[in-house]
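No lab work stands behind these numbers, since they all come straight from the coordinates. Note that the coordinates shown come from a computational prediction; the quantities given were computed from them, not determined experimentally. Methodologically, a virtual Cβ is constructed for each residue, glycine included, from the backbone with ideal geometry; neighbour enumeration extends over all protein chains shown.
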Amino acid sequence: MNDEKENIDWRENFKNELVLYLIRNGERPVTVFKFCEDLGVDESIFYKYYNSFRSVEKEVWLTFYKEVKQALEGDSEYSSYSTHEKYLSFLYTLIEVYKQNRSYVVLRYAEVNRKSFRPWFIDLFREEFAIWTKEILDEGFDSDEIVSRPLISAKYHEALWVQLLYITRVWTNDESEDFQVTDAAIEKSSVLLFELMKSGPVDLLIDFLKFAYQNKAY
C-alpha cells in the first residue's frame, strides 16, 4: 500500500490506533506485523515513522505536551502572567488534556513505580517541559518573583517536574467529583513550591548556616 497515494497521515494514525488498542486490550499488540495487518497497511510503513511501539507512545505523550503549549500560547493574557500563574495554567491545561485521554493515562501510569521520576514513556515530554520551565523560571528571576540561590536554584525545574508527576498520580487515582482533590493538590503544592522559591525563611536559614560554618560559632 502506498501511503502517499492513500493520503493518510500514518504517523498520527499509528498513534491513535495504538492508544485505542491499548485501552481496549490493556496491553500492546504482540507484533508490529499483526498490528499493521489489522490496519491493512504494510509493516514497512510503520517503520518509516517509528522503530517500536515504545517510540509511538513517547510521541503520544509529547503530543500531550504540545497540546498544552498550543492552548497556552492561544491565550491572549498568558504572556502577562507571572511565573507562578504560567505554571498553574500549564498544570490545569494538562489535566484537561488528560481528561480527553483518561483511560490511556490511567493504564500507562499504573505501571509507574512511585519512586520513579523518569517513566520511559514520558521522556520526550520531560525534555520539552524542562526547557519550558527553565524559560519561565528565568523570567521569575528577572522579575524577582523568585530568588536565585547557589546550587539550589539550578534544581528548581526538577522540583517542578517532581510536582507534575505527583499531580498526575493524584489525578489518576482521583475519584472526587470533577477531580476536586486534584485541583486542591495543584493549588497547595504549587503555592508551597513557589513560596519556597521566594526570598524568605529559607534564605534566613541558609544565611545562618553559612555564618555558623564560617565562624564555627558553636
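The table below gives the values:
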read-out	value
Folded to 0 to 90 degrees: helix 83-99 orientation relative to the chain principal axis, Cα	30
Ranked by how many other beta carbons lie within 10 Å on average, peptides 171-178, 136-143 from highest	136-143, 171-178
The chain - mean residue ellipticity at 222 nm from DSSP helices (-39,500 (n - 2.57) per run, n ≥ 4, rounded to 500)	-22000 deg cm²/dmol
At 0.692 mPa s and 37 °C, Stokes diffusion of the range 116-204 via Kirkwood alpha-carbon radius, µm² per second	229
Selected from A110, L165, L88, residue furthest toward positive end of dipole (the range 57-210; charges at beta carbon)	A110
Extended-chain gain in nm, criterion 0.36 nm per residue less alpha-carbon gap, Y166 and D144	5.2 nm
Contour minus Cα-Cα distance for A159 and V181 (0.36 nm per residue)	5.8 nm
Burial order of peptide ranges 56-69, 150-163 (average beta-carbon count within 10 Å, highest first)	56-69, 150-163
Spatially proximal aspartates and glutamates relative to K15 (Cα-Cα < 15 Å; intrachain offsets below 8 disregarded)	E27, D38, E43, E57, E59, E67
Rounded to 10°, Cα long-axis angle of helix 53-73 versus longest principal axis of the chain	60
Calculated over the chain: convex hull of Cα atoms, volume per residue (Å³)	166
Pairs from K69/K99; K34/K99; K86/K188 whose Cα-Cα separation, in the structure shown, is over 24 Å	K34/K99
Simple label model, 7 Å out from Cα along Cβ direction - E128 to V106, nm	2.5
Ordering of 74-85, 101-112 by burial proxy (mean other Cβ atoms within 10 Å per residue, highest first)	101-112, 74-85
Kirkwood Rh, angstrom, the range 3-51 [1 / mean 1/r, Cα pairs]	11.1
